[in-house]
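Remarks on the structure that follows.
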Amino acid sequence: MVSMKEKIGYALGDAAAGGITWKIMSIAFPLFFTNVFGLSFADAATLMLTARLFDVVTDPLMGSLADRTQSRWGTYRPWLIFGAVPLGLVFALLLYTPDCGPAGRRVYAYTLYLLMMAVYTAVNVPYGSLLGVMTADDGEKNRFSSYRMVGAYAMGFVTLLAFPYLQKLVGGTEAHQYAVLGAGFGLLAAAMTLACGLMTKERLKPVRAEKFTLRQFSDLFSNKPWVYLTLIGVCTNFFNGFRYAVAGYMLTYCLGGEVTVSGLIINYTVFMTFGELTCMVFGALSPRFTEWIGSKRGAFVAAALICAVFSVCFFFVPMSPDYIWVMVALVVLTSVGVGIYSPLLWSMYADVADYATEKNGTSSTGLIFSSGTMAQKFGSAISGSLVALLLGLAGARMTSDAMGNAVVDPASITSSVLTMIWLLFSLFPAAIALLMVLLIRLYPIKK
């Protein structure tokens, strides 16, 4: 029987990666890069797209490297233990805005963003792979996965809720606020990642291949469950990516900035916090919901349909701060589905890793889980790039302020831009959720 302490330790890993670093990168970075850092929409879109192409190479290589690691700390844990400090440090530097002119900032942004993706990969791919070696019991894997999602969403809730209040507490310019909060959250992420590495155990030894061969990569594409699950993983992150990347623009332009209701400041981070809390609750309930439905596939279909229905409903809400609580209610209801399917996805990756071991005779746990991390980053960043690109195509453009910094031109925020923002938060994600339903119906492992 696995102890509660170890489950909490495992949860801390995604509290750091998913609840702090990735959450801030997903929801704050699109707005940060254009409105604070000073990149154009085209530069921001190109930056995130370039990073994803970089990840297509680094993620599977990291998975294969992690599978072959042998140390006194195990196969996957040393990457968390020794990657914790670099993860926090690079994250802090990425939220710093240097005073080096537009060209220098562009170089800085590209360099630090790519470095952040590399460090994130070096920590998060082994972290995900831990699920495959901590226990052989399928029920325990579901529970570990559930704890992981609760950790990510609980910390995401705290991060997003606290962010605007911490900004006001820090004071000064927005660039100064982001720099200080980057340092604070980076330190916290490093401490949590280190704790995860020290508090978990590897009970199963991977059946390692004798040597590195490209056949391991080709075997993936003959692994039908892996192909479908990877496509599903990309879709889940497209779904979340569109919503998180556009939330800042929606609150800023569609609703006229932060909304204050009974003393509660509702800006884009707080707005999405309601969803984080819901995901935390239903992430914890996901194993029971799956048992009630009778299969992971059935539970995933139900969750994706919930996401699709309430995303469509959001489109018909009037674009006015008077309806802020209706919008919050629909975010909460949509997040019921997200909370249910998120733990299922990682548990299903463990099933695919077991299937690959039985089929090929050697373990490729790290390589398979790396595809989950790659799908996460690919879906989030491509959706972020598309948000910047589509807003530019709808008519949004950059201009220069009195200090020469690039800022969004308020005159370019026309009704077509506002409609595009609304679509990106509602009907675009709904279409992705329906695609998820189709793919999971084709997924061949019927657990």
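The values are calculated or read from the model by the stated rules, or taken from the named source; none is laboratory data. Note that the structure is predicted; figures quoted are calculated from it, not measured. As a convention, Cβ positions derive from the backbone with ideal geometry for all residues, glycine included, and neighbour counts pool all protein chains shown. To get the accessible areas, we keep the full protein, side chains included, count just its heavy atoms, and leave off ligands, DNA and RNA. Shrake-Rupley method; radii C 1.70, N 1.55, O 1.52, S 1.80 Å.
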Residues of region 295-317 that turn out to be open to solvent by 60 Å² or more (accessible area, probe 1.4 Å) and either within 22 Å of I445 (Cβ to Cβ) or at pLDDT below 95 (or both), as a count: 1
Go through region 335-357 and report how many residues are open to solvent by 10 Å² or more (accessible area, probe 1.4 Å), more than 19 Å from the chain's Cα centre (by Cα) and among the β-branched types (V, I, T). 1
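Could you list, in sequence order, all residues of region 157-174 that are closer than 17 Å to V36 by Cα and surrounded by fewer than 18 Cβ atoms within 10 Å (Cβ to Cβ)? Before you say what the answer is, go through the steps one by one.
The first filter runs over region 157-174 and keeps only residues closer than 17 Å to V36 by Cα, leaving 163-164, 166-168, 170-174.
L166, K168, V170, G171, G172, T173, E174 - these are the residues of region 157-174 that are closer than 17 Å to V36 by Cα and surrounded by fewer than 18 Cβ atoms within 10 Å (Cβ to Cβ).
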From the option list A17, A42, A51, single residue qualifying as assigned to a helix (DSSP H, G or I) and open to solvent by 30 Å² or more (accessible area, probe 1.4 Å) is A42
What are the pairs, 6+ residues apart or on separate chains, where a residue within region 224-248 that is under 21 Å from E258 (Cβ atoms) and acidic (D, E) has its Cβ under 6 Å from a residue that is open to solvent by 10 Å² or more (accessible area, probe 1.4 Å) and in a helix (DSSP H, G or I)? none
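Taking the options G241, G275, G248, name whichever one is buried (at least 16 other Cβ atoms within 10 Å of the Cβ), small (G, A, S) and under 15 Å from W325 (Cα atoms).
Numbers: G241 fails: under 15 Å from W325 (Cα atoms); G248 fails: under 15 Å from W325 (Cα atoms).
Selected residue: G275, the only one of G241, G275, G248 that is buried (at least 16 other Cβ atoms within 10 Å of the Cβ), small (G, A, S) and under 15 Å from W325 (Cα atoms).
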Expected single match for modelled with pLDDT of 85 or more, in contact with a Phe, Trp or Tyr (Cβ under 8 Å, 6 or more places away or on another chain) and over 23 Å from T278 (Cα atoms) among L198, L181, L194, L112 is L181
Kindly indicate the residue of region 54-103 that is assigned to a loop (DSSP other than H, G, I, E, B) and surrounded by 19 or more Cβ atoms within 10 Å (Cβ to Cβ) and also farthest from the chain's Cα centre (by Cα) among those meeting that condition. G74
Working carefully through the options M117, M149, find the one that is modelled with pLDDT under 85, within 26 Å of T273 (Cα to Cα) and of a type in the set (A, V, I, L, M, F, W, C). M149
Taking D409, is it at pLDDT below 65, acidic (D, E), surrounded by fewer than 17 Cβ atoms within 10 Å (Cβ to Cβ) and out of contact with any Cys (no Cβ under 7 Å at 6 or more places or on another chain)? no
